[in-house]
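The values are calculated or read from the model by the stated rules, or taken from the named source; none is laboratory data. Note that this is a predicted model, so its numbers are computed, not measured. Don't worry about glycine lacking a Cβ; one is built from the backbone with ideal geometry, like all the others, and counts go over all protein chains shown. SASA here: full protein model, heavy atoms, side chains in, ligands and nucleic acids out. Shrake-Rupley method; radii C 1.70, N 1.55, O 1.52, S 1.80 Å.
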Amino acid sequence: MENKTAAVICEYNPFHYGHKYQLDKLHELGYNVISIMSGNTVQRGDLALFEKYSRARTALQNGADIVVELPFPYSMTSAGDFARSGVALAKGLGVDALAFGCESPELVFELARFLADDSVKAELKTTIDREKNVSMPKARQRIVEETLSEEYGDAITKQNNILAVEYIIACNGELELIPLLRDQTKLSATYLRSLEYDAMLENLPPMSDGIRIDSSQLDATIIPKLRMTDAKTLSRFYDCSGGTEYRLEKAVLGASSYSSLVKALVGVDFTVARAKRLVRNAFFGVTKESVHTAPQYTILLGAKRDMTALLNKATLPVLTRVADSDRLNTKAAKQQYCNHTIADNVISLAFSEQLDLYPTKCAPIII
């Protein structure tokens, strides 16, 4: 019987042994794997450590069959929008299943059922509106604990569980779901990113030399750009409304660096990740509408030579080169691709190796 295909929504920032374990497990279960990988920006508001084609090559060398891109700006959004965008691409690729790692596979389905309930959503919104000094994650945890249990409340604080819940809600029963217990013996991406570069490499699977991204190369441009943007304009940007635009405008005028700007925004009601996303999305001019319109295409970053037929079921354009953008036949799709290309071109200024006309001259990695 022909193998089914599972999608994995991922960042591989960096690709580590936990990711390899997940891919190996899916192959053991009889699935081919399409990795829907964040491009050069990632969900917590940072630039990736390595350029996207470099990360795609490592993933292919360690078990992925196909790597496509979750493009900008969807790759740098809140957990709910990140999940909805990734799941939309998974459905558009015609996969059979969605696989995801989590800390509590026995709890995430009940958490998803609970948090998807309209009355719970309303209670969460009311709590946040009423208590100005509570963040959404803290309010969510409290409601879960009060209604379900402390065990569930603790579970919803774990990053992978949070994304797992959002994946389940976004799938809405349309895909088979494969929750995989994270192997706690494997070092996490968060821990690995905290290490010195050489120490990090020692704890990663063997990888080809990749192009590194030094986000500090762009940080100095953020304050000048945002100081030229007034609150009215800021209010158009993603996650910047309800007074947040004035908070950002004030913080920008008082900050002298990217790090001090993020620090000024963080508070009991504002996480570090949200602050980073807010700043970078404002810098790139990402509007709310652009995020809340589902991705209309994806980009093939790499594939195993004998696995490209996995893309035959795709019902949305899978671009391989810049010329393929002619296949985008809606205004929304063309605008998405234009915004994505501009962001990648700007981010390429932070590459350890400058690439000519990036990303328009790039081609998929085929191994």
C-alpha center-to-center spacing [region 109-161, region 291-367] in angstrom: 36 Å
In nm, to one decimal, how far is the modelled label at T147 from the one at K313, with both set 7 Å along Cα→Cβ? 3.4 nm
Where the only charges are on Cβ atoms (+1 Lys, Arg; -1 Asp, Glu), what is the dipole of region 304-367 about its Cα centre, to the nearest 20 debye? 300 debye
Going Cα to Cα from K334, which aspartates and glutamates come in below 20 Å? Please leave out same-chain ones fewer than 8 positions away. E69, E289, D324, D326, D344
Helix-derived [θ] at 222 nm for the chain: sum -39500 (n - 2.57) over DSSP H runs of at least 4, divide by residue count, nearest 500? -13500 deg cm²/dmol
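From the alpha carbon gyration tensor of region 1-155, can you work out the equivalent ellipsoid semi-axes (sqrt of 5 times each eigenvalue) and give them in Å, largest to smallest? Display every interim value, and only then the final one.
Details: eigenvalues 195, 71, 39 Å².
The answer is 31, 19, 14 Å, longest axis first.
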Pull out the extension gain between M228 and V322, defined as 0.36 nm times the separation in residues minus the alpha carbon to alpha carbon distance; nm, one decimal. 30.7 nm
Report in % the part of the accessible area of the chain that belongs to carbon and sulfur, leaving out ligands and nucleic acids; probe 1.4 Å. 51 percent
Shape call for region 190-319, from the Cα gyration tensor axes a ≥ b ≥ c (a/c under 1.5 means rounded, otherwise prolate when a/b beats b/c, else oblate), comes out oblate
If one computes P(r) from the Cα atoms of the chain, what percent of pairs lie at distances over 35 Å? 22 percent
So which aspartates and glutamates pass the test for K250, namely a Cα distance under 20 Å, with those fewer than 8 places away in the same chain ruled out? D219, D230, D239, D269
Taking the simple approach of a point 7 Å from Cα along Cα-to-Cβ for both S194 and E2, what is their distance in nm? 4.6 nm
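Please compute the length gained on full extension between S241 and V266, using 0.36 nm multiplied by the number of residues separating them and subtracting their Cα-Cα distance.
Separation in residues times 0.36 nm, less the Cα-Cα distance, equals 7.4 nm.
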If the limit is 21 Å between Cα atoms, which of K121/K158; K158/K263; K91/K276 go over it? K158/K263; K91/K276
At most 12 other Cβ atoms within 10 Å plus a DSSP loop assignment makes a site exposed; report the longest stretch of the chain without any exposed GluC sites (Glu not before Pro). 197-352
Near the amide H of K4, under 5 Å away, which other amide H atoms are found, from residues 5 or more places off or on another chain, if H is placed in the peptide plane? N32
C338 accessible area, nearest 10 Å², 1.4 Å probe? 60 Å²
Ordering L181, L98, L187 by how much accessible area each has at a 1.4 Å probe, largest first, what is the list? L181, L187, L98
